[in-house]
There are 2 protein chains.
Amino acid sequence: MPKRVDPLERRRSIAEAVFRVTATRGVEAVSLRDVAAEAGVSMGMVQHYFRSKDEMLLFALDHMRDRVAGRLQARLARLPNPTPRDVARAVLAELLPTNEDSRAEAGVSVAFYSRAAVTPAYALALRQGLRGLLDVFTERLRAAQHSGHTRPDVDAEQEAASLFWLAHGLVGPLLIGLYTPETAQSLLDRHLDRIFT
Amino acid sequence: MPKRVDPLERRRSIAEAVFRVTATRGVEAVSLRDVAAEAGVSMGMVQHYFRSKDEMLLFALDHMRDRVAGRLQARLARLPNPTPRDVARAVLAELLPTNEDSRAEAGVSVAFYSRAAVTPAYALALRQGLRGLLDVFTERLRAAQHSGHTRPDVDAEQEAASLFWLAHGLVGPLLIGLYTPETAQSLLDRHLDRIFT
């Protein structure tokens, strides 16, 4: 009797193969064939779980968000009694490609942006994910303001958006080696200093 | 006698075809074959001017910078007596994909980032271009500070970097339709208000 495999686990392991192919050979190499080889399964197996490259990449995007959320939880769990500033800093730090995992994820993100212009489903997936994350981040900042952890006169919505997109803007210079993680982090820290008391 | 064609003009017209292919069909469609078809020339002609896809894309990146610089000059020429804030605002506005031309250019940029992870020549070209632009932008802000156009206590280098990368971070939400050009511009304007008097 063949070993039973959890379909979600299988899909996730294929998504991990997508990340590795992207990281080592670039976005254009992400074919069903290459992903199958990387995952150590047959192309038929990949096609069993994903009907198309688009479906595979959209699942990889979801899986990436789960990975980031998991790492963020772990990062927060390592902070004893985190302040609202600590939490905001941790969220922003997770957006930056500073290690092998997050660099591979940034590669997948870039692939999404490059396809979003021609494939509306990609633009929609990115919009929904980013909007959701930005809303949560803004809500956190508003709560910090209400509890007196920020300067009283900050515009929480505007400051949250500025921080969030600045962190996104720092992905590029990190990916190409123009900035070190420390330089990128210090730019974000200056903004945090301006917002939080 | 065949009409003589300026080689640089020919290369530029092929680069323009690269932009159109990227804008309408995405980064992965940028093959020598597709670009030749779009430019209305033979593949042999494209190969005469570019030995590889990489060489073609690197030239397109240079050409893109020329286009952006040209548009920036035109934008500044339309401003009567521009203040240092006007100039900074104009530079940042040119980084945003807000029309057909700049959206196509953003598509080419994304292609570069996605290849930079696996092709060092791309990372180098991006680093040099961005570093040069950021240095000029920082120098402008320093000059504005010396001439009393900014608040006296700003850190010109840090503020220039923050503005520059915030503008880069706003490329994504504009490309996928999460932000309107007005929303993106208003975030930048708030930062400019904080820096300039």
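The values are calculated or read from the model by the stated rules, or taken from the named source; none is laboratory data. Here the structure is a predicted model, which is why all the values come from computation and not from measurement. Note: ideal-geometry Cβ built from the backbone for every residue, glycine included; neighbour counts use all protein chains shown.
Descriptive notes on the structure:
- For the range B:105-145, a residue qualifies if it is at the interface with another protein chain (Cβ under 7 Å from one of its Cβ atoms) and at pLDDT below 90, and the qualifying residues are B:107, B:110, B:111, B:113, B:114, B:115, B:116, B:117, B:118.
- Qualifying position, being aliphatic (A, V, I, L, M) and in contact with a Leu (Cβ under 7 Å, 6 or more places away or on another chain), among A:118, A:171, A:154, A:110: A:171
- Within the option set B:93, B:88, being among the hydrophobic types (A, V, I, L, M, F, W, C) and in contact with a Leu (Cβ under 7 Å, 6 or more places away or on another chain) holds for one residue only, B:88.
- Residue count for the range A:129-154, restricted to those that are β-branched (Val, Ile, Thr), in contact with a helix residue (DSSP H, G or I) (Cβ under 6 Å, 6 or more places away or on another chain) and closer than 30 Å to residue A:113 by Cα: 1
- Condition broken by residue A:35, with the remaining ones in (1) modelled with pLDDT of 90 or more; (2) in a loop (DSSP other than H, G, I, E, B) satisfied: (2)
- Residue in the range B:148-169 that is within 24 Å of residue A:121 (Cβ to Cβ) and either at pLDDT 95 or above or more than 9 Å from every other protein chain (Cβ to nearest Cβ) (or both) present: yes
- Residue that is at pLDDT 95 or above, surrounded by 15 or more Cβ atoms within 10 Å (Cβ to Cβ) and outside any helix (DSSP H, G or I), where the choices are B:178, B:187: B:178
- The condition of being out of contact with any Ser or Thr (no Cβ under 8 Å at 6 or more places or on another chain) and part of a helix (DSSP H, G or I) holds for only one of A:79, A:92, that being A:92.
- The range B:18-32, subset at pLDDT 75 or above and out of contact with any helix residue (DSSP H, G or I) (no Cβ under 6 Å at 6 or more places or on another chain), residue farthest from the other protein chains (Cβ to nearest Cβ): B:31
- Residues located in the range A:174-197, provided they are without any contact (Cβ under 8 Å) to a residue 60 or more places away in the chain and within 16 Å of the chain's Cα centre (by Cα): none
- Residues of the range B:177-197 that turn out to be within 17 Å of residue A:135 (Cα to Cα) and within 8 Å of another protein chain (Cβ to nearest Cβ), as a count: 3
- Apart from one condition, residue A:159 fits all of (1) assigned to a helix (DSSP H, G or I); (2) touching a Gly at 6+ places or on another chain (Cβ under 6 Å); the exception is (2).
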